[in-house]
Amino acid sequence: MTDIVILGAGYAGLAAATNLAGRVRRRDDVRLTLVNAGDRFTERLRLHSTGAGRPTADLRLSALLAGANVHLEYGWVTAVDADARTVRLDDARDLPFDTLIYALGSAADTASTPGAAEHAYTFDDFRGAEALATRLDRGTVVVCGSGLTGVEAATEIAERHPDLAVHLVGRDAPGAFMTAGARDHLRAALDRLGVRVRTAEIRKVLPGAVELTDSRLEADVVVWTAGTRVPPLAAAAGLTVDGRGRIVTDPSLRSVSHPHVYAVGDAAAVRQGFGTLHGTCQSGMPTGVHAAASIVRELDGRQPRPFRFGYYHRPVSLGRGDAVVQFTRPDDSPRRAYLTGRAAVWYKETVTASPWPTYARMLKLPALASWWPRGGRYTR
Ligand SMILES: Cc1cc2nc3c(=O)[nH]c(=O)nc-3n(C[C@H](O)[C@H](O)[C@H](O)COP(=O)(O)OP(=O)(O)OC[C@H]3O[C@@H](n4cnc5c(N)ncnc54)[C@H](O)[C@@H]3O)c2cc1C
């Protein structure tokens, strides 16, 4: 019997678990255990909507996996012993494994800027997002971080709460990575919704204010979306990690120091020909599926194949009624093509809604999920 333990039921971990369950459903020599903090699937792609006060579906892992050959284990992982091959949970239980899939994801980086952890809301889980929603009754909201999550949060909050003053502050101008047309559309949406944009370095978050390099913004509520970090668990386990704490993987997504550990999603430093993948659901789900397929190859005595992936889009919602989708080259640089308005809203919603039904499909038809853009010459 081979014990395979998957840590984290986010976008990548659930892709790995459902795909693997589908692939081994007729075998009796494999036991699958999925460990997650709770039963509710954290739909991170919608947490800015939750934070703005929109109800979000209550998707349950137990319902998805009812009848499937996956044992669900609820608990908070406090340690991994990669050499002894055990995982420790917060109730002091130890789970043994032969093969581990590490998919514990990432969280907002509130550690690099003083005061962010104490005084800002994040979109790491439902609790934080729902707590933010209860605070949006009046005053000024400052969204820190002008990346996609910051833009999505600022526009959604401004649209749903037109009486609030909403500021978006970050080092780069919003939409900096886009082509001029897409960026102009994004900026026009921010203007239309009354979001005040400031390009500045954030020094500190204080109770009731955000300190910038050259000034100070008074704030009733601060939302933090500037950068991500990964939990220190992987480094503490003795796994080789990069400068940001992500597990360094070989071409097949196995840890370079502990090949019986696969790393997927935001928690992994996955190298491609053009550089290291940055955390997205777009790349995270394929890493989970690839790990599942590789493990089955190894169980059958074959070598896993190298993972290849190329980006294809960056969809950004701009409130509920508008969006912009920048199509990209495999290395994530912008192509000329982009979508705006209704077509982009439809595209973005289709992408956001697709993971959950995909997991259910993978339990039955795992091989179908092995399609994603491989990146062509960018990843050869
Ligand atoms: C508001 C927002 C919007 C986004 N929009 C997009 C988008 O449009 N497109 C896109 O591609 N990406 C988007 N992203 C990024 C995307 O959400 C992440 O890249 C993706 O969630 C990574 O998947 P993952 O499985 O690696 O980690 P996660 O989805 O974070 O899952 C990690 C799981 O592990 C669990 N966990 C963590 N630590 C422990 C522990 N110690 N013990 C037990 N369980 C634990 C968590 O509860 C969670 O279930 C967005 C992110 C945010 C915050």
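The values are calculated or read from the model by the stated rules, or taken from the named source; none is laboratory data. All values derive from a computational prediction rather than experimental measurement. For neighbour counting, all protein chains shown are included, and Cβ atoms are generated from backbone atoms with ideal geometry for every residue, glycine included. Accessible surface is based on the protein model in full, side chains and every heavy atom, while ligands, DNA and RNA are left aside. Shrake-Rupley method; radii C 1.70, N 1.55, O 1.52, S 1.80 Å.
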Helix 341-353 sits at what angle to the longest principal axis of the chain, using alpha carbons and giving 0 to 90 degrees rounded to 10? 30
Gap separating the Cα centres of the stretch 17-39 and the stretch 46-116, nearest whole Å: 15
Roughly what would the spin-label model give for residue 118 and residue 206, points 7 Å off Cα along C-beta, in nm? 1.2
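For the stretch 327-380, state which chymotrypsin sites (Phe, Trp or Tyr not before Pro) are in a DSSP loop and have at most 10 other beta carbons lying within 10 Å of their beta carbon. The partial results should precede the final answer.
Values: sites: 327, 338, 346, 347, 359, 371, 378; in loops: 371.
Those satisfying the criteria are 371.
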Springs between alpha-carbon atoms under 10 Å, Gaussian network over the chain: tell me which of 315, 232, 355 tops the mean-square fluctuations. 232
Helix 180-192 against the longest principal axis of the chain: what's the angle in degrees, Cα atoms only, rounded to the nearest 10? 60
I want to check the label-to-label distance for residue 349 and residue 377. Put each point 7 Å from Cα in the C-beta direction and report it in nm to one decimal. 4.0
For the stretch 1-140, how big is the tail of P(r) above 19 Å, as a whole percent of Cα pairs? 58
Determine the relative contact order of the chain: mean sequence separation of Cα pairs under 8 Å and six or more apart, normalised by residue count, in whole percent. 19
FRET efficiency for residue 180 and residue 240 from the Cβ-Cβ distance with R0 = 41 Å, rounded to 0.05, comes out at 0.50
Starting from the Cα-Cα distance between residue 86 and residue 368, subtract it from 0.36 nm times their residue separation and give me the gain in nm to one decimal. 98.3 nm
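Using helices alone, what [θ] at 222 nm do you get for the chain, with -39,500 (n - 2.57) per DSSP H run of 4 or more residues, divided over all residues and rounded to the nearest 500? The partial results should precede the final answer.
On the way: 11 runs with 107 residues, N = 380.
That calculation yields -8000 deg cm²/dmol at 222 nm.
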How far is helix 355-364 tilted off the main Cα axis of the chain, in degrees rounded to 10, range 0 to 90? 10
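Given a 1.4 angstrom probe, I'd like the percentage of the accessible area of the chain that is carbon and sulfur, rounded to a whole number.
Details: 8250 of 16370 Å².
Solvent-exposed carbon and sulfur of the chain make up 50 percent of the total.
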The answer for trypsin sites (Lys or Arg not before Pro) in the stretch 293-329 that fall in a DSSP coil and have at most 10 neighbouring Cβ atoms within 10 Å is 302
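If you take the Cα Rg of the chain and divide it by 2.2 N^0.38 Å, with N the number of residues, what do you get?
Details: Rg = 20.8 Å, N = 380, 2.2 N^0.38 = 21.0 Å.
Dividing the Cα Rg of the chain by 2.2 N^0.38 Å gives 0.99.
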With label points set 7 Å from each Cα along the Cα-to-Cβ direction at residue 173 and residue 213, the distance between them in nm comes to 1.6
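What net charge do the residues around residue 196 carry, taking every other residue with its C-beta under 15 Å from that of residue 196, with Lys and Arg at +1 and Asp and Glu at -1?
Details: positive: 187, 192, 198, 216; negative: 159, 163, 191, 218, 220.
Surrounding charge for residue 196 is -1.
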Have a look at 84, 107, 17 and tell me which one the Gaussian network model of the chain (Cα, springs below 10 Å) gives the largest fluctuation. 84
State log₁₀ I(q)/I(0) for the stretch 171-262 at q = 0.11 Å⁻¹ as given by the Debye formula over alpha-carbon point scatterers of equal weight, solvent excluded. -0.60
